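The values are calculated or read from the model by the stated rules, or taken from the named source; none is laboratory data. What you are looking at is a predicted structure, and each value in this text was computed from that prediction instead of being measured. So basically every Cβ, Gly included, is an ideal-geometry build from the backbone, and we count neighbours across all protein chains shown. The accessibility values were calculated without ligands, DNA or RNA, using every heavy atom of the protein model including side chains. Shrake-Rupley method; radii C 1.70, N 1.55, O 1.52, S 1.80 Å.
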Amino acid sequence: MAQGTTAATAWVVAGTRDRVTDAVEMEKRRRIILSAEDRWQTRGLSREGAAAVRDRWRREIHRLRGEAQLLDTIDTLAACGIGQELGERGWSKDWPAVPSEARALGGRWPGSRTGGYPESIPLRLPSDLAERVLAACWHTSVESIRKIRKWRDTYPDVVPVAAAPAAAELAGLPDPLAEYERLAAQVTTVGVVYRAGITRGIKAAEALAAAHAPDADSDEDPGPS
């Protein structure tokens with residue numbers, strides 16, 4: 001049974017789209033090399049035999065992508081990296097249900113940042129992965145989100161900056177803004193996980209391509225024995 005997918009958009013730093021494209025293209029070239037193996041050739045086969053080979057090839061590609069052994073699409077690259085990011089955070093587990101409040105907010109959670117991410121990457125992620133990211137982010141952030149709402153009620157005229165200040169700037173902030181920054185630092189949005197996951201996915205694709213690259217020394221003439 002095919003797994004459902006969920007549409008998402010990752011807002012990322014400049015240059016990320018090009019890095020994703022380059023990584024995916026490397027993996028596409030590796031897929032072409034894989035397809036040239038003898039076991040996937042159909043020349044000389046009957047129509048039935050050729051159809052069986054093509055079906056096995058499709059299932060093999062599906063398996064490789066599912067096991068993060070072939071990251072030849074943007075979606076598989078992102079899903080691989082996002083899964084790794086969840087694991088690194090200790091969030092690869094079952095979470096309580098996501099409340100309607102979290103879904104209604106979309107990506108604009110109290111404490112979220114809007115500056116510094118000029119590029120967007122559209123994604124279609126496995127629905128269970130997208131749901132886990134949302135649940136993990138919400139349930140680890142909700143306490144700070146509620147405190148930020150109270151902060152805004154207390155300081156309605158104070159406007160935090162769009163992008164997080166550098167560490168060196170934090171010490172010079174007045175108390176209300178310093179308090180806000182402490183609370184905002186404890187809010188992890190879906191976008192934070194997606195950005196980190198895409199970076200991990202790029203590195204994973206580059207590592208796969210490098211690990212399976214033809215050995216440059218293998219084509220050298222060994223010379224007379």
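I'm trying to understand the selection: among the residues of the stretch 32-45, which are surrounded by 12 or more Cβ atoms within 10 Å (Cβ to Cβ) and more than 30 Å from I121 (Cα to Cα)?
The answer is W40, Q41, T42, L45.
Among D72, D94, which is touching a helix residue (DSSP H, G or I) at 6+ places or on another chain (Cβ under 9 Å), open to solvent by 60 Å² or more (accessible area, probe 1.4 Å) and without any contact (Cβ under 8 Å) to a residue 60 or more places away in the chain?
Numbers: D72 fails: open to solvent by 60 Å² or more (accessible area, probe 1.4 Å).
Among D72, D94, only D94 is touching a helix residue (DSSP H, G or I) at 6+ places or on another chain (Cβ under 9 Å), open to solvent by 60 Å² or more (accessible area, probe 1.4 Å) and without any contact (Cβ under 8 Å) to a residue 60 or more places away in the chain.
Looking only at residues that are of a type in the set (G, A, S) and surrounded by 14 or more Cβ atoms within 10 Å (Cβ to Cβ) in the stretch 108-138, which one is farthest from V193 (Cα to Cα)?
Going through the stretch 108-138, the residues of a type in the set (G, A, S) turn out to be 111-112, 115-116, 120, 127, 130, 135-136.
Of the ones still in play, those that are also surrounded by 14 or more Cβ atoms within 10 Å (Cβ to Cβ) are 111-112, 130, 135-136.
Numbers: G111: 15, S112: 12, A130: 10, A135: 12, A136: 10 Å.
Restricting to residues being of a type in the set (G, A, S) and surrounded by 14 or more Cβ atoms within 10 Å (Cβ to Cβ), the top hit is G111.
Which one of the conditions (1) open to solvent by less than 30 Å² (accessible area, probe 1.4 Å); (2) more than 30 Å from R29 (Cα to Cα) does A79 fail to meet, given that it meets all the rest?
Against the list (1) open to solvent by less than 30 Å² (accessible area, probe 1.4 Å); (2) more than 30 Å from R29 (Cα to Cα), A79 comes up short only on (2).
Starting from the stretch 133-155, take each residue that is touching a residue at least 24 places away in the same chain (Cβ under 8 Å) and assigned to a helix (DSSP H, G or I) and list its partners that are of a type in the set (S, T, N, Q) and open to solvent by less than 80 Å² (accessible area, probe 1.4 Å), counting only C-beta distances under 9 angstrom and pairs at least six apart or across chains.
Listed pairs, sorted by first residue: A136/S92; A136/T188; C137/T188; C137/T189; T140/T188; S141/T188; S141/T189.
Could you tell me which numbered condition P165 fails, if it satisfies all but one of (1) in a loop (DSSP other than H, G, I, E, B); (2) touching a residue at least 12 places away in the same chain (Cβ under 8 Å); (3) within 23 Å of A102 (Cα to Cα); (4) out of contact with any Phe, Trp or Tyr (no Cβ under 9 Å at 6 or more places or on another chain)?
It fails just one condition, (3).
So which residues in the stretch 153-193 are open to solvent by 90 Å² or more (accessible area, probe 1.4 Å) and closer than 19 Å to W138 by Cα?
Correct list: R182, Q186.
Where residues in the stretch 126-177 are farther than 26 Å from S92 by Cβ and of a type in the set (V, I, T), which of them is modelled with the lowest pLDDT?
V161
Report whether or not E48 is open to solvent by 70 Å² or more (accessible area, probe 1.4 Å), closer than 17 Å to Y194 by Cα and either of a type in the set (G, A, S) or not in a loop (DSSP other than H, G, I, E, B) (or both).
On the way: open to solvent by 70 Å² or more (accessible area, probe 1.4 Å): yes; closer than 17 Å to Y194 by Cα: no; either of a type in the set (G, A, S) or not in a loop (DSSP other than H, G, I, E, B) (or both): yes.
No; evaluated as a whole, the condition is false for this residue.
So which of R103, R146, R63 ends up being open to solvent by 70 Å² or more (accessible area, probe 1.4 Å), out of contact with any Ser or Thr (no Cβ under 8 Å at 6 or more places or on another chain) and within 30 Å of R31 (Cβ to Cβ)? Before you say what the answer is, go through the steps one by one.
Working: R103 fails: within 30 Å of R31 (Cβ to Cβ); R146 fails: within 30 Å of R31 (Cβ to Cβ).
So the residue among R103, R146, R63 that is open to solvent by 70 Å² or more (accessible area, probe 1.4 Å), out of contact with any Ser or Thr (no Cβ under 8 Å at 6 or more places or on another chain) and within 30 Å of R31 (Cβ to Cβ) is R63.
The conditions are (1) in contact (Cβ under 8 Å) with a residue 24 or more places away in the chain; (2) open to solvent by less than 70 Å² (accessible area, probe 1.4 Å); (3) of a type in the set (A, V, I, L, M), and A14 fails exactly one of them. Which is it?
The failed condition is (2).
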